1. Excluding residues fewer than 8 places away in the same chain, name every one of the lysines whose C-alpha is closer than 20 Å to that of K156.
2. Roughly speaking, what is the stretch gain from A337 to N148, that is 0.36 nm per residue apart minus the C-alpha to C-alpha distance, in nm to one decimal?
3. Using the heavy atoms of the protein chains alone and a 1.4 angstrom probe, what is the accessible area of the chain per residue in square angstrom?
4. Rolling a 1.4 angstrom probe over the protein chains, ignoring ligands and nucleic acids, what is the accessible area of V95 in square angstrom, nearest 10?
5. Based solely on its DSSP helices, what 222 nm [θ] is calculated for the chain when runs of n ≥ 4 H residues each add -39,500 (n - 2.57) and the sum is averaged over all residues, nearest 500 deg cm²/dmol?
6. Which order do peptides 39-51, 288-300 fall in by mean Cβ count within 10 Å, highest first?
7. Along the charge dipole of segment 32-179, Cβ charges K/R +1 and D/E -1, which of A147, W98, Q46 sits furthest on the positive end?
8. Could you size up the charge dipole of segment 1-134 around its Cα centre, putting +1 on the beta carbon of Lys and Arg and -1 on that of Asp and Glu, and report it in debye to the nearest 20?
Amino acid sequence: MNRRIRVLHLIDNLDLGGAQTVLFGMLECFDRSRFEVVLASMHAHQGSIFFARALELGVRVVPLSPRRWLPWYFATLPWLLIGGRFDVVHCHLYVSNWLGKPLARLFGVPAVVSHDHCYDRFRFEWPLIAAIDSFANRFADRILVIANSIREELVKVEGVPVEKIELVLNGLPERPLRRRRSKARKTIGGAGRLVGWKRFDRFLRVAKHLLTLDPEYRFILAGSGPDEEALQGLARELGVTENLLWLGATPKMDDFFESIDAFLLTSEFEDLPMVLLEAMYYGIPSAVVALNESRAHLAGDTLALDPKETESAWAMTIHELIQNPEQSRELGDRGRALMRNKYMVQDRVRRIEQIYIDLLNQG
């Protein structure tokens, strides 16, 4: 091919989320001499969290509908696919995958790639949603998954051929790191979408037990979501509100990571979310509920919390770490070294670029 390969990345929205963080890390690293990249969002506007960042990267942004409740994308997406002359359509998240893959195939896009970032159980447990997901996956030439657990569900529940699926772990873009403060503090952070399976209720209960051990602990939660009001009510019930800062949704997490001494991950289902990789990259000692093989493999580079133990026991383990600044620093250094050696996004993007080329050559 004597011209640049035209790639459309299609995503549901440009709001805060792990998939958006992954995608924007990738957008920084594509070889622009070989690939012309366009970003389309099912619904977005200039006030969306990641909209300005896309423009900073020099990526053309196509908002297909200004609001969630106004599905203009049923008309604007086909028009974009017809006029865009894309060689590859790469779909992220739910509506983008369910609608984007069949339409891309209908309008003759040579290569269709699905990127599965999603751990939400409803799409495998609800028969109608599983059927829609399975139907859409028929139109994908390759399905990229960020965890083996997602691959297993696709094969078991939806019957996706295993050879169609490829594991592409999350990766981090290179970042200049600010020197972290050496003064010992006692601030624990958590971040992510405020939804049930992220289990921020566990985070709050650990916070209560830590305050029992030492009332000087402080906590920061970054993120937003449908469970925000319920979690704030639980925080009041547990008596941790005065020691807890709700940071809300933020597109750049530098200030969050600069403000915490340890990161706590208590979620279910997911393997290694982007926010954990980012915390480790920043050299922040991270405590992780080791509920699956991927997390268990990080033991020694993270503080592995036994999922069979109580929140009280987790709090004691974290407290012992915080009380030992040298051990905390060593744990953070090991995590940072691991991220730099094995989890950088440049390697992931080079693999994805090769997948595009292989699929186009097959056609």
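1. Within the straight-line cut-off, K156 pairs with K164.
2. Going from the current span to full extension adds 65.7 nm.
3. Details: 16400 Å² over 363 residues.
I get 45 Å² per residue for the chain.
4. Surface accessible to solvent at V95 totals approximately 50 Å².
5. -13000 deg cm²/dmol
6. Details: 39-51: 20.0, 288-300: 16.8.
In descending order of packing, they fall as 39-51, 288-300.
7. Result: Q46, furthest along the dipole toward the positive end.
8. Values: 14 positive and 11 negative charges, 88 e Å.
Using only the charged Cβ atoms, the result is roughly 420 debye.
The values are calculated or read from the model by the stated rules, or taken from the named source; none is laboratory data. What you see is a predicted model; the values in this text were computed from it and never measured. Positions of Cβ are backbone-derived with ideal geometry, glycine not excepted, and every protein chain shown enters the neighbour counts. These area figures cover heavy atoms from the full protein model, side chains too; ligands, DNA and RNA do not enter into them. Shrake-Rupley method; radii C 1.70, N 1.55, O 1.52, S 1.80 Å.
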